[in-house]
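The values are calculated or read from the model by the stated rules, or taken from the named source; none is laboratory data. These numbers were taken from a predicted model, which means no experiment stands behind them. Heads up, the Cβs are rebuilt from the backbone with ideal geometry, glycines too, and the neighbour counts pull from every protein chain shown.
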Amino acid sequence: MNIIAINVSSRVSTLLFTAFLLVVPQFLLADTYQTGEHVEPAYEGWRPNADGTFSFMFGYMNENWLEEPIVPVGENNFFSPGDQDRGQPTNFLPRRNRFHFEVVVPSDWGDRELVWTLNVNGVERKAYATLKADYLVDNMVIASETGSLGAGTSSPESRANIAPVVTVQGDTIRSARVGESISFVTHIADDGLPVTRRESTNSSAELQRRMMRPPSRITVGKTNALFLSWNVYRGPGKVTFDPPMPKPWEDTRTSANSPWGPLWLPPEVPEDGLHEVTATFEKPGTYILWGRADDGGLYHDAYITVNVSE
């Protein structure tokens, strides 16, 4: 009798815990670590270039939900062997950021390793890049890994998709003063694939109904829609962008202005493809701003350097 009672009690406890996970708001479970955690560098894979070189693709997982560490290139943020500075970021957005940047290596790279080392909040981690065949990346891998597709799926639409192209209008080197806004315009050209939810929905009521459905995939899910996001890639301080930009990182919380979150509505795309943004800087220094145009499946990046004085 005691054994039966213990088994029943254990089963009831398991059912209660499962029910707890289902009813507790997602953000209470997600916000486990706000600050103080490390950043895990990630090797995403490689792809060949037309000139015979190869691009190693890197991202990272910032274990924090709020802290955005700034780690200058040097003893805590470097590549080896060779040049420490391979164009990696020094400012790290929260959580998972896939395919964040690329490092080009020569055609005769062979079986060598390129190692990215990060030390954040006292924890050192490394990512090892090689040309092993298992790490070969194509557009379908990118779309699948970033959540545009379900695990192991594809479609004629996704296979036909071409990455958007983002272009900064005017100079890519600017000057600014602390506390004063500068404005810049970026143009996005896109092929309209994948079809966005807004375009493929017959009514706002249908759109809301579809968005309220529970998640139906076991992998990370992402809304297929064209958007632009500007963020700090390198710089000594915070930059405020207006209008507020959708997040380029996997924020899966509801109403988080993230393509990976429930209830996200894609922004309206200007007919001429021109997006005007203002940026305001809180500290002097040299900043590299990173703009990403993302259609849900594929992406393209642009950069602006801003020298900020007092």
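Does at least one position in the stretch 131-146 carry a residue that is surrounded by 13 or more Cβ atoms within 10 Å (Cβ to Cβ) and in contact with a Pro (Cβ under 7 Å, 6 or more places away or on another chain)? Looking for residues that are surrounded by 13 or more Cβ atoms within 10 Å (Cβ to Cβ) and in contact with a Pro (Cβ under 7 Å, 6 or more places away or on another chain), one finds none in the stretch 131-146, hence no. Residue count for the stretch 118-157, restricted to those that are in a loop (DSSP other than H, G, I, E, B) and farther than 28 Å from Asp294 by Cβ: 2.
His100 falls short on exactly one of the conditions (1) modelled with pLDDT under 95; (2) buried (at least 17 other Cβ atoms within 10 Å of the Cβ), and that condition is (1). So which of Trp249, Trp264 is of a type outside the set (Ser, Thr, Tyr) and touching a strand residue (DSSP E or B) at 6+ places or on another chain (Cβ under 9 Å)? Every option except Trp249 fails the conditions.
The set of residues from the stretch 102-146 being of a type in the set (A, V, I, L, M, F, W, C) and in contact (Cβ under 8 Å) with a residue 60 or more places away in the chain comprises Trp116, Leu118, Val120, Val123, Ala127, Ala129, Leu131, Leu136, Val137, Val141, Ile142, Ala143. Yes or no: Gly285 out of contact with any Ser or Thr (no Cβ under 6 Å at 6 or more places or on another chain), touching a residue at least 24 places away in the same chain (Cβ under 8 Å) and on the phi > 0 side of the Ramachandran plot? Yes. Among the residues of the stretch 79-101, is any among the hydroxyl-bearing types (Ser, Thr, Tyr) and part of a strand (DSSP E or B)? Yes, some residue in the stretch 79-101 is among the hydroxyl-bearing types (Ser, Thr, Tyr) and part of a strand (DSSP E or B). Among the residues here, Val115 does not qualify as at pLDDT 95 or above, within 18 Å of Val137 (Cα to Cα) and part of a strand (DSSP E or B). Quick check: is even one residue across the stretch 161-182 buried (at least 17 other Cβ atoms within 10 Å of the Cβ) and charged (D, E, K, R)? Among the residues of the stretch 161-182, at least one is buried (at least 17 other Cβ atoms within 10 Å of the Cβ) and charged (D, E, K, R), which makes the answer yes. Looking across the stretch 235-263, the residues that are of a type in the set (Gly, Ala, Ser) and more than 25 Å from Ile173 (Cα to Cα) come down to Ser255, Ala256, Ser258, Gly261.
Within the stretch 49-78, the set of residues being surrounded by fewer than 22 Cβ atoms within 10 Å (Cβ to Cβ), touching a Phe, Trp or Tyr at 6+ places or on another chain (Cβ under 9 Å), in a strand (DSSP E or B) and without any contact (Cβ under 8 Å) to a residue 60 or more places away in the chain comprises Ser55, Gly59, Phe78. Across the stretch 265-288, a minimum of one residue is classified as in a loop (DSSP other than H, G, I, E, B) and among the β-branched types (Val, Ile, Thr). Scanning the stretch 144-173 for residues being farther than 30 Å from Thr278 by Cα and under 17 Å from the mean Cα position of the chain (by Cα) gives a total of 3. Pairs are defined by a Cβ separation below 6 Å, a sequence spacing of at least 6 or placement on different chains, a first member in the stretch 264-282 that is closer than 25 Å to Ser175 by Cα and aromatic (Phe, Trp, Tyr), and a second member that is modelled with pLDDT of 95 or more and assigned to a loop (DSSP other than H, G, I, E, B); the pairs so defined are Phe281/Val178.
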